[in-house]
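Here the structure is laid out as structure tokens; the discussion comes afterwards.
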Amino acid sequence: MEPSGKRSRPSEVPDVLRLVVPGTVDYLDRIRDFVGSAAGVYGFEGATVDEIVLALDEAVANVVEHAYEGSDLPEDQRTLELLIEGGVQGMRFSLRDHGIPFDPGAAVPVDLDTHLASGNQDGLGIHMIRQLMDRMVWRRLPDGNELILEKDRIPGREGR
């Protein structure tokens, strides 16, 4: 049952939105468009949509660069599957791949000042995902990896 006054998923939107694409950078624009459109359908606006898109863009780029680059997996099996669920509480993104396992939750938190002072511009993707999303969970699946990112709907936050 939904609390009164809360937005819900529009009735014409499926319970789960799904996109499967090859795991290459050539599909980043398509993924960004898919994520941005879904966030809008589920009632997110403005800067919050931009944050969601950026976080997913970083997650996908990490899979392409680290899970698939150097993998022995044939090119045609290097796919990305993105499942999106949304509702009153917020959105959940499940990014699945078949690449080399890596738990981003085990990555050491970045001291941003020290990192930037070193001149290093790499290694900030996980830091940004942690800052932009409310939860990040990784798990190993029998046939690959799944990164789950969640964004809560916080009243008054959209459009900031």
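The values are calculated or read from the model by the stated rules, or taken from the named source; none is laboratory data. Everything numeric here is computed off the predicted structure, so don't read it as measured data. Here the Cβ positions follow ideal geometry from the backbone for every residue, glycine too, while neighbour counts run over all protein chains shown. These accessible areas exclude ligands, DNA and RNA; they are computed on the full protein's heavy atoms, side chains included. Shrake-Rupley method; radii C 1.70, N 1.55, O 1.52, S 1.80 Å.
Some values worked out for this structure:
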quantity: From GLY90, GLY70, GLY159, residue being open to solvent by less than 80 Å² (accessible area, probe 1.4 Å), under 18 Å from VAL16 (Cβ atoms) and at pLDDT below 95; calculated: GLY90
quantity: Whichever residue in the stretch 124-146 is over 17 Å from HIS66 (Cβ atoms) and in a helix (DSSP H, G or I) and, among such residues, is most open to solvent (accessible area, probe 1.4 Å); calculated: GLN131
quantity: Test: residue in the stretch 102-114 that is modelled with pLDDT of 85 or more, open to solvent by 50 Å² or more (accessible area, probe 1.4 Å) and not small (Gly, Ala, Ser); calculated: no
quantity: Among residues of the stretch 42-67, those that are surrounded by fewer than 22 Cβ atoms within 10 Å (Cβ to Cβ) and either within 21 Å of VAL21 (Cα to Cα) or small (Gly, Ala, Ser) (or both), counted; calculated: 12
quantity: From ARG96, ARG32, ARG78, residue being basic (Lys, Arg) and within 15 Å of TRP138 (Cα to Cα); calculated: ARG96
quantity: Condition broken by ASP152, with the remaining ones in (1) closer than 21 Å to LEU28 by Cα; (2) among the acidic types (Asp, Glu); (3) at pLDDT 85 or above satisfied; calculated: (1)
